[in-house]
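A quick write-up on the structure given underneath.
Nothing in this text is a laboratory measurement; each read-out follows from the coordinates by a stated rule. Predicted model only: the values in this text are computed from it and were never measured. Glycine also receives a Cβ, built like all others from the backbone with ideal geometry; neighbour counts cover every protein chain displayed.
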Amino acid sequence: MIPSDLRYTKEHEWVRVDGDVATVGITQHAADQLGDIVFVELPEPGRLLTQFATFGVVESVKAVSDLFAPVAGEVLEGNASLLATPEVVNSDPYGAGWMLRIRLSDPGQLEQLLDAAAYEALTAEG
Amino acid sequence: MSVTGPKLQPTLFELSGTGRAAGRRIPAPPADALDRLPAAARRAVPPALPEVDEASLVRHYVNLSQLNWGVDTGFYPLGSCTMKYNPKVNEWAARLPGFAALHPLAPDETAQGTLEMLWELERDLAEISGMDAVTLQPAAGAQGELTGMLVVRAYHRARRDLERTDVLIPDSAHGTNPATASMAGFRTVNIPSAPDGGVDLEAFRAALGSHTAAIMITNPSTLGLFERRIVELLELVHAAGALAYMDGANLNAILGRFRPGEAGFDVMHFNVHKTFSTPHGGGGPGAGPVGVRGPLIPFLPAPRVLREPGGTFRLERPGERPASIGRMRGHVGNVGILLRAWAYIRAHGADGLREVSDDAVLAANYLRGRLEADGAFEVPYPGPCAHEFIASGAGLKRATGVRTLDVAKRLIDKGYHPPTIYFPHTVDEAMLIEPTETERLETLDAFADALLEIAREAHETPELVTSAPHSAPVRRLDEATAARQPNLRWRPENRAELPRPG
Amino acid sequence: MVYGPHTPDDRSRMLAALGISSVDELFEVIPPAVRAGAIDLPPGLTELELMARLRTLAGHNRVDLASFLGAGVYRHHLPPVVDQILLRGEFYTAYTPYQPEISQGTLQTIYEYQSLLAELTGLDVVSASHYDGATATAEAALMTCRATRRERVLVSRGVHPQARQTLETYFAGPNFVFDEVPLATEGPDAGTTDLAALARLLDDPERPVAGVVAAQPNVLGLLEPMGEIGRLAHAAGALFVAAVEPVSLAVLAPPAAYEADIAAGEGQPLGIPPQYGGPYLGILACRDSLVRQIPGRLIGMTSDADGRRAYVMTMRAREQDIRREKAASNICTNQALCALAAAVYVAALGPGGLRDVAATGAARAAELAAALADAGAPRLHPGPYLNEFAVRVPDAISVHRRLLHRGILAGIPLAELEPGDPSLTDGLLVCATETTTPEEIELFAWALRDELSAQAGVPVAGIGEGIR
């Protein structure tokens, strides 16, 4: 069940927008592929990200994956609870498993992302 | 036979007791021995090291050893690792006091035996590989790779060819290859494999250019296949002004049949703990000598072992070869390991080594044939393989949900160490199987029988397979918690957290 | 075949099963143009002949000398129990413990090794070991660059020259730079890191320093002001790497005590014979907060499906097979059997035993220093040392040779340890351990006195040679 109110990247990140603040995470599909997540490396607040650039790394027991920014902006905060309980990314990737909050610099970039149906189609093929 | 029976052991710290005197190893020093040291430099609190009597210590380690699986225990068909028998005469040799007690900074004239052995080993490996010179310095295969790539870097820089930033690496390569390229300051360009398992020549040609420093190829490949297009590949590489590096991990397949230097490779590394029988030690130590063709000799690490006209041996002096990339590690190499490799080569001679590869390749093909005939596991690259082959559990997973991981764990119950799994990454649900030349035919057949039996179990009683192993000293481990909340050292609190065994 | 079981009959049966008549058919894939020619090796030897040849070669090495040679590799009493355990086939013929259920032996012994070194260094994270002390030191320096995102490291000339050379090689790829911090040349601190020079090197806003590396004891055997070096490093935002000798950690303040962030060292003195250079043991340890930066394997404690305590290789996603070109290091091994040797050695000695080894070495070294001074070769430096020190010997290289012919391995001439430094032509670096006997000390002192007075009595031409 893909949340319909989010936008998605081809690299399996999701973004939720509230005003000019974007919240970013990875999808259930990505979390399932990775397996038990053990560590998430996130950027410091204040860092400026460009769209689709890597902003961090997610590690599972047997794999590692880069994280790509769905939108450009300034990092406001990373989800500090992931340090102690990274497994919440597996159990609640769209809620408590959020990773990053960014101040959006260009809301127009959202148009370039996939909607729920398009992302659903992408993962069905894969 | 599988690894069962003996109980797990508490840690040394839990066996410790004050006054359990580890034994009177040396006479007591004078009480004031350390008084001349300033208090600020001295340790305020003694280290909390365990005090265990020798008998308990021995039981601790003997019981722990019995929780392990070695080549001495049974079949170990780990693809790309070459788990062949480790000859015991080599263990005797390494322990001869003349070899073991020699200090690495002792003057050359006191080290003539070891220097002669090292010089001969350099020549033996050069001869086996068709290279012009060999360094024995690298401490491991991966360090050999780094050595080779730093030599490549030095070569191009010496020719003022500073735009060569890329290294081309097949996507089936061992992870050390791209990691090495990064450490040597290069960018990795991944080259896809063609459907027949070899390098995709068109993709390769497209990626090759004036920015290419080198290609790193494992031959035979990690799929257990000799690179059929090797001649074209090498010609293309050299035409582009780049160098060809061969990862020699799979040398056990080609001894006496293919000499990389002779064929056109410029540089390669050897894994003596694979091809030349030095023991794996539970994860090391090994050694990774590197062979090069003539133009690269000036860049080899220093010091090299030299032979004087009068027949004596010496180490190169500092500054004697200024183009050298320098030192990769302390001293001249993992000499104790290299000695074992020297002895192995001496015991075989050229004919013996060729026979090693003949038997290794024959055994692998026989085992491949057994699995191909049955069909429970796919063999994605049918037809002759080198000394190892890939089988896939993808079909089994689709039909039963049982994965290669589960099959591997169930093999433990059948009395076998599992083969390499999920490598190379280019094959789904991969199993890389390398029997080596030192296994009896009965063992090969019994192993095939066991694998096929597990395939049947996957259909009939999948739970048995997915919850395996049942007969190992421990069941499957919680690796997620181990990575999330790492416990990397003993603390007294651990006693309460996780039950003490026994 | 030499070590394999196949009979001609076995081979026939395998060939028949494959439907081929000769194993050559399996090699047809090799293009004819690149098939191997004849390989020229001596013919295979029988076991009897091999052992005879090995005895002959071993006999050409001189291991009977009265040795005072250290410089990073030390002769210690090796309790035979260590080798007995290393000879268990389940340990030495096992592979890397990728299948933890049947590798608990290896895994637990390495976890115990990590724990023992954590006790000795005071740093909680100890890797399953690196290749040797020199590469561990180089990787420690690289860690400081990764952790601070800076590109410049300062290395004291008190750090072993081989470690410094290895660091230089490892810095080439990533294009990092390092500067050497000189040693003080006079005063009570002569031979130790020049703190004023260190402060100056740290004070460069254009080129911030990632890490400072110093050794304890240093290569000249002297005790360094590690606390002050660390303070200077941290004040400049750099990390502090201590290159340490493990036996000394039984009696000297450990890295944690002087706030080192990372410790690196050569573990050979812990139960591993000299073997002319290896295999040895790279000790690498760090504070908890740097755990993600440390290269190499890590063994962790966990539980199995039934709640049993068990051990497993952990935090694997840092390693090369997963991270590939993004891995911190390409290392794909640890010196597992050497780490086992070190653990058994430390356990066999116990805390009192290890302390006694260090203290006895110190006592013997003091006796040696007194005897050599008496013989006309005083110490070169005034500061405190543990069991190794440099003495003044004019034209040390020639004296060393002549002592060799008298059956004495008189340490190593400083000029050979640090070539290219003209101030070092008149020094010998010598050490003593618990294996050094009073008779050996007496022999060395007597022979040295003899050589020095012969040197003094030599006519003008000889004195000219000494000044060269």
Other protein chain Cβ atoms within 10 Å, averaged over every residue that makes up B:365-373: 3
Within 10 Å of each Cβ in C:62-75, the average number of Cβ atoms from other chains: 4
Evaluated at q = 0.15, 0.23 Å⁻¹: base-10 log I(q)/I(0), Debye formula over Cα of the stretch B:119-170: -0.55, -0.98
Calculated from backbone phi, Karplus (6.51, -1.76, 1.60) coupling profile of the stretch C:283-297 in Hz, x at Gly/Pro: 7, 9, 9, 8, 5, 3, 5, 9, 4, 6, 8, 6, x, x, 7
Modelled FRET efficiency - R0 51 Å, B:R20 with C:A305, Cβ distances, 0.05 increments: 0.90
Scattering profile of the stretch C:1-92 at q = 0.10, 0.17, 0.19 Å⁻¹ [log10 I(q)/I(0), Debye over alpha-carbon scatterers]: -0.67, -1.10, -1.19
For the stretch B:14-119, alpha-carbon Rg and Dmax in angstrom: 21.8, 58
With Cα atoms, 0 to 90° folded angle of helix C:104-121 axis to chain C main axis: 20 degrees
Shape of the stretch C:355-468, Cα gyration tensor, a/c cut at 1.5: prolate
Label point distance in nm, A:L76-C:R402, each placed 7 Å from Cα along Cα→Cβ: 8.2 nm
P(r) tail fraction, chain A - alpha-carbon pairs more than 25 Å apart, %: 16 percent
32 Å Cα-Cα threshold exceeded, pairs from B:K88/B:K414; A:K62/B:K84; B:K274/B:K409; B:K7/B:K84; B:K88/B:K397; B:K274/B:K414: B:K88/B:K397
Tensor-based shape of the stretch B:238-284 (alpha-carbon gyration tensor, a/c under 1.5 rounded, otherwise prolate or oblate): oblate
Integer Hz, Karplus 6.51/-1.76/1.60 couplings in order for the stretch B:367-379, x for Gly and Pro: 5, 4, x, 4, 6, 4, 4, 7, x, 4, 10, 6, 10
Per-peptide average of other Cβ atoms within 10 Å, ordering C:348-358, C:125-135, A:32-42 highest first: C:125-135, C:348-358, A:32-42
Cα-based shape type of chain B, given that a ≥ b ≥ c are square roots of the gyration tensor eigenvalues and the cut on a/c is 1.5: oblate
Extension gain, B:E109 back to B:R491 (0.36 nm per residue minus Cα-Cα distance, nm): 132.6 nm
Kirkwood Rh in Å, taken over the protein assembly as shown so that all alpha-carbon pairs contribute: 30.5 Å
Per-residue average of Cβ from other chains inside 10 Å of B:222-229: 2
The stretch B:404-502: proportion of alpha-carbon pairs further apart than 22 angstrom, %: 47 percent
Whole-number D in µm²/s for the stretch B:204-317 (Stokes-Einstein; Kirkwood sum over Cα pairs; 25 °C, 0.890 mPa s): 153 µm²/s
P(r) of the stretch C:82-200 over all Cα-Cα pairs, binned every 5 Å from zero, in whole percent: 2, 9, 14, 14, 15, 14, 12, 8, 6, 4, 2, 0
Cβ crowding within 10 Å averaged over residues, with A:107-116, C:229-238 ranked highest first: C:229-238, A:107-116
C:D204 paired with C:E259, simple spin-label distance in nm, labels 7 Å along Cα-to-beta-carbon: 2.4 nm
In Hz, Karplus ³J(HN,Hα) per residue of the stretch B:10-15 (6.51, -1.76, 1.60; θ = phi - 60°; x = Gly, Pro): x, 7, 3, 5, 7, 8
Per-q log10 I(q)/I(0), the stretch C:122-264, q = 0.13, 0.14, 0.17 Å⁻¹ (Debye; single scatterer per alpha-carbon; no solvent): -0.49, -0.57, -0.87
The stretch A:4-47 and the stretch C:223-251: distance between their alpha carbon centers, rounded to Å: 42 Å
Rg/Rh ratio calculated on Cα atoms of chain C (Kirkwood radius): 1.04
Gain on full stretching of the segment that runs from B:E372 to B:D196 - 0.36 nm per residue minus C-alpha separation: 61.7 nm
Cα-based convex hull volume of the stretch A:37-96 per residue, rounded to whole Å³: 77 Å³
Sum of -39500 (n - 2.57) over DSSP H runs of 4+, divided by residues of the protein assembly as shown (222 nm, nearest 500): -11000 deg cm²/dmol
